[in-house]
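First comes the structure, then the notes that go with it.
The values are calculated or read from the model by the stated rules, or taken from the named source; none is laboratory data. Worth saying up front: this structure is predicted, and the values here are computed from it rather than measured. In this analysis, Cβ positions are derived from the backbone assuming ideal geometry, glycine residues included, and neighbour counts consider all displayed protein chains.
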Amino acid sequence: MKKNVSLSKVLPVLFAFFVMGFVDVVGISTSYVQNDFELSDSIANLLPMMVFLWFFVFSVPTGLLMNKLGRKNTVLLSMVITFFALMVPLIDYSFGMALLAFALLGIGNTILQVALNPLVSNVVSPDQLTSRLTLGQFIKAIASLLGPIIAGFAAVTLGNWRLLFPGFAVITFLSGVWLWIVPIPEEETIEQTTSFSEAFGLLKDHSILILFLGILFVVGVDVGMNTATPKFLMSRTGLPLEQAGLGTSLYFAARTAGALIGAIVLSRYSGLIFFRSSMFAAIGAMTIMLFSQNAMVILIMVAIIGFAIANIFSIIFSMALQKRPARGNEISGLMIMGVSGGAILPPVMGLAADAWGQTGSMLVILIGMFYLLVAAFVVKTEIPG
């Protein structure tokens, strides 16, 4: 069914994706907190774990909560939690309070991701859902890229890296107010209340299960590429860490460009064909990487992989919502629970690296890519652009 799309309703929903990107500041924050309190790597890594943990714990409950509160109100709840999370380091700065801040940020971001993605379907027509979700991921990527830049500016110019938090808090507040004052239509039919067992029972649908695992693998591949690319470059080319680290920046830049272009392409062409083509490109680039010793070739392949992977999350999410639209809230919870894959694949990569070097680590990513390619052909549900 076609919706009368109003730009005034679409814009505040899309802008909320910018707030979604604030959670990625945990990466650069971990380095600053570790330096401030002279922490070991294992202790400092509790910060990012605080974020991933809540995706596993709160995703499905949030999907059920949306049945009672509605999608817009659930997004507003996430904004409130995110705002307070960003204020915590300003009220009291200690390692314990930093853990609390990122726990709250993780909870807020989990609720935001579960509720915001299906809320997009309330303000756009079905044939534009995939492209608008991809546009949202592009907006999120901008916030992710700006986080380290703002933190560096605050540290060098203003003398305190934590000054990025009040700026993010203000943006979160304004985003929440904008969304609150704009009337967003809820679903025409209220979804019946479901239990945990009924929500997880949706995984009995083979297509939903395949797509859930697809989210798990695409997030695992994404996090794996972020962490493994510098190590792979160092082992293959002998580059120092300072230069090899540029590989991760290139990957992020390519993903951002891929999301922007994907938002345009997916508004015109089949998402399923785009899914398949992207995975062929990613697997081809990874294969070339595994046989290359040249830094330039490896960097080009890293960029191709980042570009190809950029839209897969949005495509899979859209496929799941289109597959069972009457259970959009619960399915959104299940799909976002798959984001915890970012904490699953990297340890497996570490074991493979210990056994076979950095090539083994990349082979784990390649296996994840092959799963996504198979999923693109096994799931029969066609998705609109």
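Table: residues versus (1) at pLDDT below 90; (2) over 19 Å from Tyr251 (Cα atoms).
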| residue | (1), (2) |
| --- | --- |
| Ala281 | no, no |
| Met296 | no, no |
| Phe317 | yes, yes |
| Leu321 | yes, yes |
| Met349 | yes, no |
| Ala355 | yes, yes |
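How many residues are β-branched (Val, Ile, Thr) and within 24 Å of Leu233 (Cβ to Cβ) when one looks only at segment 263-295? Here the count works out to 3.
Quick one: count up the residues across segment 81-102 that are part of a helix (DSSP H, G or I) and either within 17 Å of the chain's Cα centre (by Cα) or of a type in the set (D, E, K, R) (or both).
Looking only at segment 81-102, we keep the residues that are part of a helix (DSSP H, G or I), and these are 81-91, 95-102.
Among the residues that remain, those that are also either within 17 Å of the chain's Cα centre (by Cα) or of a type in the set (D, E, K, R) (or both) are: 82, 102.
So the count comes out to 2.
Contact annotation: residue pairs with Cβ atoms under 8 Å, 6 or more positions apart or on different chains, pairing a residue in segment 274-285 that is closer than 21 Å to Ile298 by Cα with a partner that is aromatic (Phe, Trp, Tyr) and surrounded by 22 or more Cβ atoms within 10 Å (Cβ to Cβ), are Ala281/Phe307.
Number of residues in segment 151-180 that are more than 30 Å from Leu266 (Cβ to Cβ) and assigned to a helix (DSSP H, G or I) equals 17.
Answer yes or no as to whether Ser267 is outside any helix (DSSP H, G or I) and assigned by TED's automatic domain parsing to the domain that holds Ser361. Walk me through how you get there before you give the answer.
Details: outside any helix (DSSP H, G or I): yes; assigned by TED's automatic domain parsing to the domain that holds Ser361: yes.
Spelling it out, Ser267 is indeed outside any helix (DSSP H, G or I) and assigned by TED's automatic domain parsing to the domain that holds Ser361.
Taken as a whole, the condition of being crowded, with 22+ Cβ neighbours inside 10 Å and either modelled with pLDDT of 80 or more or closer than 30 Å to Gly70 by Cβ (or both) applies to Gly328. In segment 157-180, the count of residues that are at pLDDT below 85 and of a type in the set (A, V, I, L, M) is zero.
Table: residues versus (1) closer than 24 Å to Ser175 by Cα; (2) touching a helix residue (DSSP H, G or I) at 6+ places or on another chain (Cβ under 6 Å); (3) at pLDDT 75 or above.
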{"position": "Asp24", "(1), (2), (3)": "yes, yes, yes"}
{"position": "Ser29", "(1), (2), (3)": "yes, no, yes"}
{"position": "Val33", "(1), (2), (3)": "no, yes, yes"}
{"position": "Ala44", "(1), (2), (3)": "no, yes, no"}
{"position": "Met49", "(1), (2), (3)": "no, no, no"}
{"position": "Phe58", "(1), (2), (3)": "yes, yes, yes"}
{"position": "Gly63", "(1), (2), (3)": "yes, yes, yes"}
{"position": "Arg71", "(1), (2), (3)": "yes, yes, yes"}
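Filtering Ser278, Ser270 for residues that are more than 19 Å from Tyr371 (Cα to Cα) and among the small types (Gly, Ala, Ser) leaves a single hit, Ser270.
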